[in-house]
Each structure stands twice: as structure tokens, then as C-alpha cells.
Amino acid sequence: METFLDLGRQPLSNGFLAADQFQDEYFFDLKACFNTDTCMVSLEKFVDSSKMFNENYHYHASKSQTMIDHFASAASDIKELFNSVPTVLEIGSNDGIFIKNFDPGHSYCVEPCSNFAELTNSMGYKTYDDWWNVETSRKIVDEIGKVDVVYSASCMCHIPDVENAFVAVSNILRDGGLFVFQDPTAYNMILNNSYDQIYDEHAHIFSVLSLSKILNRCGLQIVNVTPLDVHGGSNRIYACKSGTPAPVVNRMIESERSIGLHKSDTYHRFADNVRKSREDLIQLLSELKSDGKKIISYGATSKSTVVFNYCSIGPDIIDYISDTTEVKQNKFLPGVHIPIVPQPPSIDDSVDYAFLGAWNYLDEISNKENVFLSRGGKFITHVPRVRVIGE
Ligand code: TMP
């Protein structure tokens with residue numbers, strides 16, 4: 001294991017809090033390392049999962065239309081692969097954004113955040129309020145038998161003992177069944193300099209290279225890969241107990257090797273770029289602020305928790321963050337304590353610049369904020385480099 005990046009003292013990225021909770025706030029040292037054997041990028045130290053994923057989990061996937069459309073299309077692609085209605089188990093079902101596209105009679109969920117487990121249970125989907133591991137897989141197989149499809153979005157990378165999670169998938173998948181999972185990629189992180197993919201919940205950042213090695217040890221084989229735009233660049237991986245990989249699998253591994261994802265030097269260079277990004281962002285925001293500009297942030301994302309804490313950017317620079325998620329509103333961003341307000345239909349006329357905390361929804365946000373943009377309002381992003389968009 002080689003540590004390559006130190007993002008400093010960080011709070012829980014989704015630990016939005018009220019002012020009377022500031023004193024008890026939890027912090028940890030956020031560092032990323034590279035495994036020279038598996039080529040996996042992981043956190044140097046994992047944060048205890050129950051601190052992050054519990055009944056207070058703040059991230060509601062259904063708050064973005066882009067994601068609603070995305071999961072409807074994922075579900076329809078999966079249905080097309082089967083002649084009859086498949087039995088589906090979703091791991092990490094959040095607010096039901098994916099599973100609601102399937103018939104409750106044949107679909108099951110596993111979700112350790114009990115606020116969401118209750119919600120999908122109430123929608124008619126039998127939901128196990130458990131951590132996904134070998135023990136849980138045995139319990140579920142005893143109750144419902146093996147399934148045709150295991151699906152998981154932005155969840156496998158959250159599991160510290162990911163090998164155990166993959167073995168658990170292998171246990172519950174019937175022979176000939178399909179494991180489909182999608183998570184952000186190291187490839188896009190390196191190309192976009194999007195260091196804010198590294199946070200407490202992302203125990204690992206996957207590459208096809210690293211996954212092919214690890215899945216093989218767990219009795220699974222990658223048979224297909226689809227690159228996706230969501231979450232700043234993700235891969236949807238299709239794996240089976242046995243099968244022939246489509247040519248794209250090796251092509252993806254070759255592209256990953258061509259940018260050096262198999263070499264630790266690549267990650268050290270990335271860390272240099274990350275430090276430069278921090279300097280540039282502090283400089284840009286400080287200059288705008290000294291010129292009397294009003295700057296807000298758009299989307300109280302876990303990614304922006306990382307950026308603002310790493311760069312020590314607080315409410316003296318960013319007046320507020322707007323977000324559509326009710327449970328985040330009227331709270332504060334973890335660590336640097338920038339206030340979060342409900343998102344108005346259009347950015348307030350007094351605002352000059354909006355930092356894109358949710359930079360991965362640039363198209364959706366630009367469409368919504370055409371009034372802001374046409375009156376000369378500007379977006380700021382740090383991806384792939386710090387810049388005012390359109391300048
Ligand atoms: P994500 O990047 O982890 O999906 O989080 C996106 C966050 O941004 C989520 O809290 C919802 C918020 N958001 C807005 O407030 N307005 C928007 O227009 C979009 C697309 C997202």
C-alpha cells in the first residue's frame with residue numbers, strides 16, 4: 001500500500017448538522033493509497049460504516065431528475081436481457097430510485113440506512129435493513145433463494161471489505177445470473193483531477209483493472225463494461241460466475257493502463273495536481289471576494305464537503321449553499337459550517353458567482369439556471385481545473 005494523497009482533517013461528508021451539534025462533530029484524517037498488487041485505490045483508514053450509513057442518511061438519490069431518468073433506463077436495459085421477469089436484489093437501494101422500476105413481487109432490497117429501508121418496505125419491496133456481507137447473503141438465500149440479478153449503484157465502493165461483499169454476491173447469484181454494479185472510476189478521477197471523489201464513504205475508487213483481479217478471486221468474472229456519465233464518470237460492470245468477456249473489457253483495461261492506472265507514479269502526479277487545484281481555487285475565490293463579488297455554492301454535495309474542508313473555504317467566502325434536499329436545508333455543511341438553504345427556482349439576483357458543488361450535473365443545472373446565466377451570472381468549478389465557466 002502506498003499513500004499518495006493527504007486531504008487533511010475532514011468531517012463526515014454527508015454529516016450535515018445543526019449549530020448546536022458543532023461541538024461534537026466527528027473528524028478523521030482523509031488519505032488515499034494505492035495497492036501495488038491489485039491496483040486498487042482505497043482510503044488509508046476506513047471510517048466506521050455505522051457513523052455514515054444510519055437512519056439519518058442525508059443523500060436522497062431521487063433529488064436529481066438526471067438520476068431518476070438514469071435508473072429508469074438502467075432498469076429497462078436489464079429487463080431486456082431476460083425473457084421472463086427476473087428476480088432482482090438491489091444492494092444499497094437508497095430511496096427506491098432504481099427498484100421502483102421493477103415489480104415488488106420479484107424484487108428485494110438490502111439497505112443499512114433504516115430511514116430508506118423503511119421507505120422501500122412501505123413501497124412494497126421487501127427490504128433487509130442489514131450490511132451487505134456473506135452472513136447477510138446466507139440469510140437472504142435461506143429466505144428467498146438465489147436471484148437472477150444483483151444490482152448495486154454507488155454502494156460496492158462504500159464497503160471496506162469489498163472482497164467479502166463480492167463473495168456474498170457470488171453466494172446469492174444463481175448460475176447464469178448477472179451481477180450489475182456501477183461506481184465512480186479512478187480513470188475519470190485522474191483525468192478530471194476530481195479529488196473530491198475521495199471521501200469517507202468511498203472506501204475504494206474502482207478501475208476495471210483492479211476489479212478484474214478482485215472479482216476473479218471471488219468466483220466472478222467481468223463480462224461487459226459500460227462507461228457512464230453519472231457521478232462524474234462511472235463504469236457499469238456486468239459480472240457472471242462464468243462467461244466470455246466482451247472485447248470492450250480488455251479495451252477498457254488497456255485505456256486505463258495507457259494513463260498509468262497500474263503505476264504508483266500516476267497517483268503521486270495526481271496528488272501534485274490536487275495541491276495545485278487547491279491553491280488555484282483559494283486564489284480565485286479570494287480575488288473575487290476582494291472585488292466585492294457575492295459567491296454561493298450550488299448543491300450541498302459530499303464532494304463539496306471535501307473541497308471546502310481541504311481548501312479551508314468557509315462562510316466568509318461562500319455566503320450559502322443551496323440544495324433541493326429537504327433534510328439538508330437549514331443545516332450547515334460539515335466541517336466548515338457554510339449554511340445550507342432551500343434552492344429557489346432561480347439563483348437570487350444579487351449573486352455573481354455560483355461554485356458548482358454538484359459539478360457532475362452541469363447540464364441539468366445550466367438548463368435550470370438560464371436566467372442567472374443570461375443576466376451575466378457565472379459558474380465556477382474546479383473540474384478538470386479551477387475556472388470560471390465560459391471565460
Ligand atoms: P450527488 O452529486 O451526490 O448526486 O449530489 C447532488 C446534490 O446536489 C444533492 O444534494 C441534490 C443537489 N442538487 C441540487 O440542489 N440542485 C440540482 O439542480 C441538482 C441536479 C442537484
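Computed from the coordinates by the stated procedures, all read-outs in this text should not be read as laboratory data. Computed from a predicted structure; not experimentally measured. Please note: Cβ atoms are built from the backbone with ideal geometry, for glycine as well, and neighbour counts cover all protein chains shown.
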- Query: Taking region 353-367 as the search range and keeping residues that are out of contact with any Ser or Thr (no Cβ under 7 Å at 6 or more places or on another chain) and near the ligand (Cβ under 8 Å from one of its atoms), which one is nearest to residue 189 (Cα to Cα)?
  - Reply: 360
- Among (1) more than 10 Å from the ligand (Cβ to nearest atom); (2) farther than 20 Å from residue 57 by Cα; (3) crowded, with 16+ Cβ neighbours inside 10 Å, residue 314 falls short only on (3)
- Item | Residue list for region 7-36, filter: touching a residue at least 40 places away in the same chain (Cβ under 8 Å) and either loosely packed, with under 14 Cβ neighbours inside 10 Å or more than 30 Å from residue 341 (Cα to Cα) (or both) | 9, 18, 19, 22, 32, 34, 35, 36
- Taking residue 391 as the residue in question, decide whether it is within 10 Å of the ligand (Cβ to nearest atom) and surrounded by fewer than 23 Cβ atoms within 10 Å (Cβ to Cβ). no
- Message: Given the condition among the charged types (D, E, K, R) and touching a Leu at 6+ places or on another chain (Cβ under 7 Å), answer yes or no: does some residue in region 310-322 qualify?
- Response: no
- Task: Evaluate region 157-166: report whether one residue or more is closer than 25 Å to residue 49 by Cα, in contact with a strand residue (DSSP E or B) (Cβ under 7 Å, 6 or more places away or on another chain) and surrounded by 20 or more Cβ atoms within 10 Å (Cβ to Cβ).
- Result: yes
- Query: So, of the residues in region 42-72 that are closer than 19 Å to residue 110 by Cβ and polar (S, T, N, Q), which turns out to be nearest to the ligand (Cβ to nearest atom)?
  - Reply: 62
- Note on the structure: Within region 327-352, of all residues that are near the ligand (Cβ under 10 Å from one of its atoms) and farther than 30 Å from residue 32 by Cβ, the one surrounded by the fewest Cβ atoms within 10 Å (Cβ to Cβ) is 342
- Task: Test residue 235 against the stated conditions and say whether it is surrounded by 15 or more Cβ atoms within 10 Å (Cβ to Cβ) and polar (S, T, N, Q).
- Result: yes
- Out of all the residues in region 290-311, which are within 16 Å of the ligand (Cβ to nearest atom) and under 15 Å from residue 381 (Cβ atoms)? 296, 297, 298, 299, 301, 303, 304, 306, 307, 308
